[in-house]
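In what follows, a structure is listed as structure tokens, so that the remarks can point back to it.
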Amino acid sequence: MKLLCTRLNPAICAVLMALGMSSSVATAAVFLSVDFESANGAFPAEGDTETGFQPFTQHNSAGRTYVTSEGNIFVNVLGEQPAGDDGYFDRGPVADNGSFTYGDLYRDFAFDNDNKQMDLVLTGLSANTAYSLTLFSYDNGGAHSVSFGGISGTIGSAGPLNYSGGVEPTENYDPDNSITALFTTDSTGGLTVRASDTGDLRINGFEISTVVPEPSSAAILLLGLGAVGSQRRRRI
């Protein structure tokens, strides 16, 4: 690229460089982070909530509404074992270490050992809109292969996350224990994602973000050509 640019108009080089560097398709802004946790039997006290996250416990069996920058978002979990009662567990401390600071997120979870599936339901979102969803799953035992799929009008899928229990995450968004994908809401602004596992299912929590498209290559090219044209007009 540098050799080519020594022989071309600087404005054209800028366009080529921009096209070469423009590899991502979107940025995302987190507006809700939720930590699934046991309340340790001390209702209404919560368990250990990860910094920057909001708690969701077995005491939220009818769901919980969170106030966010995108409006009031209602969250519910369906299928935990047994539903809305003991289906949340605190395994004990997971130590923060260096770049890994999500110990409080990974220490507790919603679970289903029998059917090995749960549904995450969100309402109050914009209709027919893509959101970036990050899902977390970690266990200290067993073999796991966790997949996520949109149902009930939600479009999208993610996974599987394949991991062996006992190998603790080494970073907050460990590729073995978290995954991010786009999911599109239904016509009412609902988002329903089904998680399933070949082993005993554990979900530690989630983050949801708005999606902000970055300029496409075509748009960058048009801007660059406009700059070239402007430069030529100034020379005439």
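The values are calculated or read from the model by the stated rules, or taken from the named source; none is laboratory data. As the structure is a prediction and not an experimental result, all values here were calculated from the model. Every residue, glycine among them, receives a Cβ derived from its backbone with ideal geometry; neighbour counts consider all protein chains shown. Heads up: the accessible areas ignore ligands, DNA and RNA and are worked out on the full protein's heavy atoms, side chains in. Shrake-Rupley method; radii C 1.70, N 1.55, O 1.52, S 1.80 Å.
Annotation for the stretch 118-136: no member residue is part of a loop (DSSP other than H, G, I, E, B) and closer than 19 Å to Gly79 by Cβ.
Based on what the data block shows, is Asn115 surrounded by fewer than 23 Cβ atoms within 10 Å (Cβ to Cβ) and assigned to a loop (DSSP other than H, G, I, E, B)? Answer is yes for this residue. Of everything listed in (1) out of contact with any strand residue (DSSP E or B) (no Cβ under 6 Å at 6 or more places or on another chain); (2) farther than 26 Å from Thr51 by Cα; (3) among the acidic types (Asp, Glu), the single unmet condition for Asp174 is (2).
In this entry, Tyr138 passes the filter for residues that are touching a Phe, Trp or Tyr at 6+ places or on another chain (Cβ under 6 Å) and of a type in the set (Ser, Thr, Tyr).
Going by what's in this entry, would Tyr102 be described as under 17 Å from the mean Cα position of the chain (by Cα) and crowded, with 20+ Cβ neighbours inside 10 Å? Yes: the conditions hold for Tyr102.
Checking each residue in the stretch 151-176 for being closer than 26 Å to Thr129 by Cα, surrounded by 19 or more Cβ atoms within 10 Å (Cβ to Cβ) and of a type outside the set (Ser, Thr, Tyr) picks out Ala158, Leu161. Has the stretch 35-43 got any residue that is open to solvent by 30 Å² or more (accessible area, probe 1.4 Å), within 30 Å of Gly166 (Cα to Cα), at pLDDT 90 or above and part of a loop (DSSP other than H, G, I, E, B)? No, the stretch 35-43 has no match at all. Here the condition is being farther than 26 Å from Phe89 by Cα, within 31 Å of the chain's Cα centre (by Cα), at pLDDT 50 or above and not hydrophobic (A, V, I, L, M, F, W, C); of Thr210, Thr192, Thr198, it holds for Thr210 alone. Filtering the stretch 51-80 to residues that are in a strand (DSSP E or B) and within 17 Å of Asp108 (Cβ to Cβ) leaves Gln54, Pro55, Phe56, Arg64, Val75, Val77.
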